[in-house]
Amino acid sequence: MLKAGLLNPAMLSLLARIRHTNTLVISDRGFPFWPQLETVDLSLVDNIPTVLQVLDAIRANFVIGRVFAAEEFRVVNDAATQQALTSRLGTIPLILEPHPTFKLRVPSAIGLIRTGDTTQYANLILESA
């Protein structure tokens with residue numbers, strides 16, 4: 001029985017199948033459904049869990065090479081919300097791009113983790129190193 005770290009078997013299975021340069025989407029609660037992508041739905045209620053909480057939880061088991069986000073994230077969110085993301089990433093490159101361009105990356109992801117996050121444009125695409 002697992003006693004520490006990630007406990008969700010669906011998340012563990014999904015992460016185990018991601019290889020070098022594969023991508024994983026962590027989305028907010030309103031992100032569209034992508035039928036071709038395996039989706040692990042963790043949403044419970046508003047903001048439980050958040051995208052950043054899921055990012056924190058998987059960091060020990062996922063080597064991130066770079067992160068993609070919509071540039072609209074910076075436009076609509078305050079400095080504290082932006083800092084919460086950038087401080088977690090440290091030296092990991094954050095690539096901001098227009099939301100339509102960001103969504104073009106989604107179909108090639110190995111899977112998607114849906115959260116209850118209500119932060120606008122909180123969605124991230126993590127590329128494994």
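The values are calculated or read from the model by the stated rules, or taken from the named source; none is laboratory data. Every value quoted in this text rests on a predicted model; they were computed, and no experiment measured them. A quick note on method: Cβ atoms are made from the backbone with ideal geometry, for glycine too, and the neighbour counts reach across all protein chains shown.
Inside segment 78-94, can you point out the residues that are farther than 13 Å from residue 50 by Cβ and part of a helix (DSSP H, G or I)? If the condition is that a residue be farther than 13 Å from residue 50 by Cβ and part of a helix (DSSP H, G or I), then 79, 80, 82, 83, 86, 87, 89 are the ones that fit. Of all residues being among the polar types (S, T, N, Q) and more than 13 Å from residue 122 (Cα to Cα) in segment 82-97, which is nearest to the chain's Cα centre (by Cα)? Just the residue, please. Residue satisfying both the conditions and the ranking: 87.
Between 33, 68, the distinction of being under 12 Å from the mean Cα position of the chain (by Cα) and not β-branched (Val, Ile, Thr) belongs to 68 only.
If you go through segment 36-63 and keep only what is part of a helix (DSSP H, G or I), of a type outside the set (A, V, I, L, M) and under 12 Å from the mean Cα position of the chain (by Cα), you end up with 53, 56, 59. Does segment 65-97 hold any residues that are in contact with a Ser or Thr (Cβ under 7 Å, 6 or more places away or on another chain) and either closer than 26 Å to residue 12 by Cα or free of Cβ contacts under 8 Å to residues at least 24 places away in the same chain (or both), and which are they? Within segment 65-97, 65, 94 qualify.
Among residues of segment 98-117 that are within 19 Å of residue 50 (Cα to Cα), those with a beta-carbon under 7 Å from a residue that is buried (at least 20 other Cβ atoms within 10 Å of the Cβ) and of a type in the set (Asp, Glu) at least six positions away or on a different chain give the pairs 115/28; 117/28.
Would you confirm, using the coordinates I've provided, whether residue 62 is surrounded by fewer than 16 Cβ atoms within 10 Å (Cβ to Cβ) and of a type in the set (A, V, I, L, M, F, W, C)? Yes; evaluated as a whole, the condition is true for this residue.
Within segment 95-122, the set of residues being exposed (fewer than 15 other Cβ atoms within 10 Å of the Cβ) and assigned to a strand (DSSP E or B) comprises 95 only.
For segment 32-43, a residue qualifies if it is farther than 19 Å from residue 56 by Cβ, in contact (Cβ under 8 Å) with a residue 40 or more places away in the chain and hydrophobic (A, V, I, L, M, F, W, C), and the qualifying residues are 34, 37. The test for being assigned to a loop (DSSP other than H, G, I, E, B), modelled with pLDDT of 95 or more, among the charged types (D, E, K, R) and closer than 23 Å to residue 96 by Cβ does not hold for residue 66. In summary, residue 31 fulfils each of the numbered conditions (1) outside any strand (DSSP E or B); (2) loosely packed, with under 14 Cβ neighbours inside 10 Å with the single exception of condition (2).
Applying a threshold of 8 Å to beta carbon distances and a minimum spacing of six or more residues, or different chains, the list of pairs starting in segment 3-24 at a residue that is at positive phi and touching a residue at least 24 places away in the same chain (Cβ under 8 Å) and ending at one that is in a strand (DSSP E or B) and surrounded by fewer than 19 Cβ atoms within 10 Å (Cβ to Cβ) reads 21/65; 21/128.
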